Amino acid sequence: MAKNILADFDYAGYESLLDFAKEEAVHIVHTHFDHKGGYTFAWRRTSEFVKGRMVEVAVSFCSPRDTFCRKIGAYNALTNFDNSNTILLPVGNEDSAKIVENLRRVFYYADQDTW
């Protein structure tokens, strides 16, 4: 039988982090590779102006040997964001979808063995 990776998951903390993300306008994006490995990033604009270039980002990586779980990725990325474990990147754009595309380019590794 497969081990339940969410058996000891902090559901109350997760809900609290989702509330934090909503209040602070933090977006969550997931990328995974055939259910093994991947990453989740949480991001928000650093300026109220949509033409601003800087975006604040927190990341959670999943080993390519492990099963990717969106809930765990979101929990870890938002925890990092809440704890100010973030970086600033000049990937801003007026279009949020373009920001996500730019961030995926920054964190994407075409060869999973390079992790």
- [ ] Please work out how many pairs of lysine residues in the chain are eight or more positions apart (or on different chains) and have Cα atoms closer than 17 angstrom.
- [x] 5
Open item on the list: What do you get for GluC sites (Glu not before Pro) in region 25-115 restricted to DSSP loop and a cutoff of at most 14 other Cβ within 10 Å of the site's Cβ?
Closed with: GLU48, GLU94
TODO: Please give, to one decimal in nm, the separation of the simple spin-label points placed at LYS71 and TYR11, each 7 Å out from Cα toward the Cβ.
DONE: 0.7 nm
Task: Rg to Rh quotient for region 1-72, alpha carbon positions, Kirkwood Rh - done: 1.06
Open item on the list: From the phi angles alone, apply the Karplus equation (6.51, -1.76, 1.60; θ = phi - 60°) to region 10-25 and give each ³J(HN,Hα) in whole Hz, x where the residue is Gly or Pro.
Closed with: 7, 5, 5, x, 4, 4, 4, 5, 5, 5, 4, 4, 5, 5, 9, 6
- [ ] Rounded to the nearest 500, what is the 222 nm mean residue ellipticity of the chain from helices alone, with -39500 (n - 2.57) per DSSP H run of 4+ residues and division by all residues?
- [x] -10500 deg cm²/dmol
Open item on the list: Can you give me the Rg/Rh ratio for region 28-110, using Cα atoms for both radii and the Kirkwood formula for Rh?
Closed with: 0.99
- [ ] Counting residues in region 39-87 as N, plug N into 2.2 N^0.38 Å and put the Cα Rg over that result.
- [x] 1.29
Open item on the list: Taking amide H atoms as placed 1.01 Å from N in the peptide plane, list the residues 5 or more away in sequence, or in a different chain, whose amide H sits under 5 Å from that of PHE68.
Closed with: LYS36, GLY37
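Only the coordinates and a few stated rules stand behind these numbers; no lab work does. Quick caveat, the model's predicted, so the values are computed rather than measured. Counting neighbours? That spans all protein chains shown, and the Cβs are built from the backbone with ideal geometry, glycine included.
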